[in-house]
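First up is the structure itself, then whatever we jot down about it.
The values are calculated or read from the model by the stated rules, or taken from the named source; none is laboratory data. All values reported here derive from a predicted model rather than from experimental measurement. Positions of Cβ are generated from backbone atoms using ideal geometry, with glycine treated the same way; all protein chains shown enter the neighbour counts. The area values use the complete protein model at the heavy-atom level, side chains included, leaving out ligands, DNA and RNA. Shrake-Rupley method; radii C 1.70, N 1.55, O 1.52, S 1.80 Å.
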Amino acid sequence: MRDNSRLPRELIDAVTDILHNDYDHKSLLACSLVCRSWRPSSQRLLFRRVALPLDGDDCEELDQTLLNSPHLADYIIELKVYWDEFMRSEREYRVEVHLEIDQSFAAAVLRKLSKLQKIELYQLDWSLMTVDLRQSLRWVLMRPSVTFLTLNITHDESDSVDFFQHPQEDEEENDDEPSPDLEPRHLSHLNLGLGFVGNCHAYVDWFLGPRSRFEVSHIQTLRVDHLREDDERGFNRLLHAIGSSLKHLEFHVPFKGRMPSPEQGFDINLEFNPNIRVLRLTNITFAMPLGEMYPESLGMNWLLRFLSNIDASNNLNQIGFEG
């Protein structure tokens with residue numbers, strides 16, 4: 001019988017890459033059991049991206065897996081952390097002690113992930129988190145390897161802003177927290193999902209303020225959802241700070257962008273972003289919902305005014321619109 005372990009590494013990697021691209025998780029698991037030489041390629045793809053719901057069971061299982069096989073933690077380079085939908089809707093009926101036990105496993109998992117490149121935070125209710133979990137989230141956010149960050153905010157904006165702007169309260173409660181590396185983290189991708197309660201000003205203040213460890217001038221892709229009508233100044237400040245590195249810009253046009261007069265419009269200044277190649281605008285509607293207060297042409301007027309303000313030297317390759 002032929003010894004499969006003698007297959008070239010390139011061939012094994014090619015097979016597992018195909019299965020990974022086809023989302024064939026079951027076959028990847030089978031490959032990891034073929035023999036010892038197949039295991040690293042399979043496990044590296046199986047654990048590349050991990051979704052971590054803060055509801056206890058999955059966190060405890062993953063924590064135990066990483067304790068038994070510590071090398072797997074280095075394979076995890078993409079992490080999605082979210083508050084479980086059931087837990088969020090039923091949290092009033094769960095005892096506080098149970099919540100703390102669940103979160104202790106999540107905090108333990110986060111502390112093991114030192115090679116992360118991409119972090120996505122979704123639907124998090126910061127007010128229900130223990131100090132240990134908040135500190136662990138800050139710890140992974142400050143990893144030098146992190147270049148891709150998604151913040152999707154759907155809960156009380158004041159709690160979310162406090163998490164980023166005022167970490168000293170947690171630090172006072174946890175004196176054993178190691179001093180973080182003070183070198184700036186160079187983000188290349190930033191997604192801000194502000195939901196219906198988001199506050200672009202507050203997050204921009206943090207990203208550009210003295211407490212932030214992120215250097216935004218290297219960002220190449222910026223996506224911002226659900227901008228509010230009063231976010232114009234904050235959004236323009238962020239664009240200015242990013243500068244010429246920005247190549248892909250996508251944002252959700254707020255209601256104010258469809259007002260009739262220029263002084264009422266939502267004006268975006270791309271003067272400092274001459275290298276944008278892809279521009280995508282969402283929430284472009286050319287008629288007012290639930291009424292005929294303004295004619296349909298107002299949306300088009302705003303769009304034409306915005307596009308006309310883009311400097312001719314900015315060689316856009318692609319412009320997309322979505323209602």
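Of note:
- Among residues of region 199-239 being closer than 19 Å to Arg280 by Cβ and in contact with a Ser or Thr (Cβ under 8 Å, 6 or more places away or on another chain), the one that is modelled with the lowest pLDDT is Asp225.
- A count restricted to region 18-57 and to residues that are buried (at least 18 other Cβ atoms within 10 Å of the Cβ), under 25 Å from the mean Cα position of the chain (by Cα) and on the phi < 0 side of the Ramachandran plot stands at 11.
- Odd one out for Pro210, checked against (1) over 22 Å from Phe306 (Cβ atoms); (2) open to solvent by less than 10 Å² (accessible area, probe 1.4 Å): (2)
- Residue match in region 217-240 (condition: touching a residue at least 60 places away in the same chain (Cβ under 8 Å) and more than 24 Å from Asn314 (Cα to Cα)): no
- In region 307-323, the residues that are touching a residue at least 40 places away in the same chain (Cβ under 8 Å) form Cβ pairs under 8 Å with partners that are assigned to a loop (DSSP other than H, G, I, E, B) and of a type in the set (S, T, N, Q), at six or more places apart or across chains, as follows: Asn309/Asn269; Asn314/Asn273; Asn314/Asn275; Glu322/Asn283; Gly323/Asn283; Gly323/Thr285.
- Some residue of region 88-106 being among the small types (Gly, Ala, Ser) and at pLDDT below 85: yes
- Of all residues in region 121-166 being at pLDDT below 65 and open to solvent by 40 Å² or more (accessible area, probe 1.4 Å), the one that is farthest from Ser217 (Cα to Cα): Asp156
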